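Structure first, then comments.
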């Protein structure tokens, strides 16, 4: 009896493995960052609005902030932009922009048209700083705590659902702890 | 037969067109010594392009790959070792960026799974062959019936 069912059982195991593999395959675009739990790379970059004014994340020590990597060439960033504006309006956490591989004039025009959700924007046209953050696409958003540790990374456009599910609980938990 | 010739030509055309971007994908390198050039060439073939994922930095035409190649050139010029360059990228992008992942606890299953599967296959094959051999040589009727082999049972 076992002899007849053994091939079937093996086949079933293979089907399960393949189904698992195929199901996981689309998530291949979400590569987990090894920087979670590590200190955020410190940067000092020219600001988008004024090249003479540097933007540095050292000044953000002691505060929670989100570093949002974007560019005017990035279609998903346009989809994300209304949600970023909504987040900025809540005032829960400051948004710091990293304008990645972009043209200064195009970026300034883009923000004038759509509104600017960012408290500060660092300008990285050459993409050198982005490599330090392990950026491989846009938009990507890093959550950094007051100790300067990256606690979370979100890949892709932030949706209202993602904000409520992935961002707010972490921020509230963290702020409750650091506030006490 | 007559339909195959145009198809072949079409395939060749498509392949030629597909190859075009790769000609310009490899950035002009300006490293001072042939030794550095050789290390650069080897390094860019060992890192994955994070955007296209199944291509190396050497073959990828996307601009992030160009940025990473520039980073590697700068580190080579600054005197970094291959090991330091590997550490730099692994620290930022994880082991996923290496085409050949190292043998660590997290990747152990990746390296050991083929051997485990081979062992399972070998044990099953042995089990099967021994069962069959016992059935063929065995003259004990009960044993044959217990085996449940279809061949000998037909004769009984």
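In the stretch B:46-64, which residue that is under 20 Å from the mean Cα position of the chain (by Cα) and within 11 Å of chain A (Cβ to nearest Cβ) is surrounded by the fewest Cβ atoms within 10 Å (Cβ to Cβ)?
Per the stated criteria, the residue is B:54.
Quick check on this structure: which one of A:150, A:131, A:155 is under 16 Å from residue A:33 (Cβ atoms), within 14 Å of chain B (Cβ to nearest Cβ) and in contact with a helix residue (DSSP H, G or I) (Cβ under 6 Å, 6 or more places away or on another chain)? Outline the logic, then answer.
Numbers: A:150 fails: in contact with a helix residue (DSSP H, G or I) (Cβ under 6 Å, 6 or more places away or on another chain); A:155 fails: in contact with a helix residue (DSSP H, G or I) (Cβ under 6 Å, 6 or more places away or on another chain).
Going through A:150, A:131, A:155 in turn, just one is under 16 Å from residue A:33 (Cβ atoms), within 14 Å of chain B (Cβ to nearest Cβ) and in contact with a helix residue (DSSP H, G or I) (Cβ under 6 Å, 6 or more places away or on another chain): A:131.
Being within 14 Å of chain B (Cβ to nearest Cβ) and touching a residue at least 12 places away in the same chain (Cβ under 8 Å), is that true of even one residue in the stretch A:102-118?
yes
Here is a list: A:121, A:108, A:131, A:79. Which entry is assigned by TED's automatic domain parsing to the domain that holds residue A:163, within 17 Å of the chain's Cα centre (by Cα) and more than 30 Å from residue B:72 (Cα to Cα)?
Being assigned by TED's automatic domain parsing to the domain that holds residue A:163, within 17 Å of the chain's Cα centre (by Cα) and more than 30 Å from residue B:72 (Cα to Cα) holds for just one of A:121, A:108, A:131, A:79, which is A:79.
Quick one: count up the residues across the stretch A:43-66 that are touching a residue at least 60 places away in the same chain (Cβ under 8 Å) and assigned to a loop (DSSP other than H, G, I, E, B).
Qualifying residue count, the stretch A:43-66: 8.
Condition (residue is under 42 Å from the mean Cα position of the chain (by Cα), surrounded by 12 or more Cβ atoms within 10 Å (Cβ to Cβ), within 30 Å of residue A:132 (Cα to Cα) and at pLDDT below 80) applied to the stretch B:127-149: is it met by at least one residue?
no
Could you go through the stretch B:72-88 and let me know if any residue there is under 16 Å from the mean Cα position of the chain (by Cα) and assigned to a loop (DSSP other than H, G, I, E, B).
For the stretch B:72-88, residues under 16 Å from the mean Cα position of the chain (by Cα) and assigned to a loop (DSSP other than H, G, I, E, B): absent.
Can you tell me which of (1) in contact with a helix residue (DSSP H, G or I) (Cβ under 7 Å, 6 or more places away or on another chain); (2) under 17 Å from residue A:30 (Cβ atoms) is the one residue A:145 doesn't meet?
It fails just one condition, (2).
Can you tell me which residue in the stretch A:67-80 is nearest to residue A:170 (Cα to Cα), limited to those that are in contact (Cβ under 8 Å) with a residue 40 or more places away in the chain and in contact with a helix residue (DSSP H, G or I) (Cβ under 7 Å, 6 or more places away or on another chain)?
Result: A:68.
Can you tell me which residue within the stretch B:89-118, out of those that are in contact with a helix residue (DSSP H, G or I) (Cβ under 6 Å, 6 or more places away or on another chain) and in a loop (DSSP other than H, G, I, E, B), is modelled with the lowest pLDDT? Steps first, answer last, please.
Of all residues in the stretch B:89-118, those in contact with a helix residue (DSSP H, G or I) (Cβ under 6 Å, 6 or more places away or on another chain) come to B:89, B:97, B:99, B:101, B:103.
Next cut, in a loop (DSSP other than H, G, I, E, B) only: B:99, B:101, B:103.
On the way: B:99: 87, B:101: 79, B:103: 83.
The residue in question is B:101.
Which ones in the stretch A:82-100 are surrounded by fewer than 19 Cβ atoms within 10 Å (Cβ to Cβ) and within 16 Å of the chain's Cα centre (by Cα)?
To start, the set of residues in the stretch A:82-100 that are surrounded by fewer than 19 Cβ atoms within 10 Å (Cβ to Cβ) comprises A:82-83, A:85-86, A:88-92, A:94.
Matches in the stretch A:82-100: A:82, A:83, A:85, A:88, A:94.
All but one of (1) surrounded by 11 or more Cβ atoms within 10 Å (Cβ to Cβ); (2) more than 14 Å from every other protein chain (Cβ to nearest Cβ); (3) not in a loop (DSSP other than H, G, I, E, B) hold for residue A:16; which doesn't?
That leaves (1) as the condition not met.
The values are calculated or read from the model by the stated rules, or taken from the named source; none is laboratory data. Everything numeric here is computed off the predicted structure, so don't read it as measured data. Heads up, the Cβs are rebuilt from the backbone with ideal geometry, glycines too, and the neighbour counts pull from every protein chain shown.
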